[in-house]
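Enquirer: Quick one: the structure is below, and I'll ask about it shortly.
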Amino acid sequence: MIKVYYDGICEHCSKEINHYKKISQTGVFEWIDVAANPDAMIDYNITQTNALLFLHAVDEKSKIHVGSEAFALIWKNLPNWNFLGHVISFPLIKFLTKRIYIWFAKRRFNRYRHCQLASKNFLNR
């Protein structure tokens, strides 16, 4: 089973994940809201701050996929999205989508108060 760690407070993130939940086959994904569960990724040494900053997915072999690579993994396992998952894995496209994703994720993270609070809580530990 693929574990997907996402920001359940973010409207954009939740809307997208909810769509994936509707179209995915049963037993393929486990969806984990890192905003509601601060220690969700503690076993992987990933803080809530980093989990909120970037989408994470852990495949069946316990390999962690981050950002656009997590999307590629998800899409490869969704009906009618498989092709797109493979397309964004081509080297040049992967390079570009990774850069675009990082820009978008940082921008989104800086706009949400709950992300900033998680970041401050982490620094104060």
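Please treat every number below as a calculation from the coordinates, not as lab data. Bear in mind that the values here come from a model prediction, so they are computed numbers and not experimental data. Glycine also receives a Cβ, built like all others from the backbone with ideal geometry; neighbour counts cover every protein chain displayed.
Enquirer: Taking the condition of being small (Gly, Ala, Ser), assigned to a loop (DSSP other than H, G, I, E, B) and without any contact (Cβ under 8 Å) to a residue 60 or more places away in the chain, how many residues in the stretch 29-53 meet it?
Expert: Matching residues across the stretch 29-53 total 2.
Enquirer: State whether one or more residues within the stretch 54-68 are over 14 Å from the mean Cα position of the chain (by Cα), part of a helix (DSSP H, G or I) and among the basic types (Lys, Arg). Before the answer, list the steps.
Expert: Within the stretch 54-68, the first condition is being over 14 Å from the mean Cα position of the chain (by Cα), and the residues that meet it are 60-62.
Of the ones still in play, those that are also part of a helix (DSSP H, G or I) are none.
No, the conditions are met nowhere in the stretch 54-68.
Enquirer: Got a number for residues in the stretch 21-31 being surrounded by 15 or more Cβ atoms within 10 Å (Cβ to Cβ) and either among the hydroxyl-bearing types (Ser, Thr, Tyr) or closer than 20 Å to Arg113 by Cα (or both)?
Expert: 1
Enquirer: Tally the residues that are out of contact with any Gly (no Cβ under 9 Å at 6 or more places or on another chain) and over 15 Å from Phe109 (Cα atoms), restricting the search to the stretch 6-30.
Expert: At the first step, the residues of the stretch 6-30 found to be out of contact with any Gly (no Cβ under 9 Å at 6 or more places or on another chain) are 6-13, 15-16, 18-30.
Narrowing the set further to residues that are over 15 Å from Phe109 (Cα atoms) leaves 15-16, 18-30.
Count: 15.
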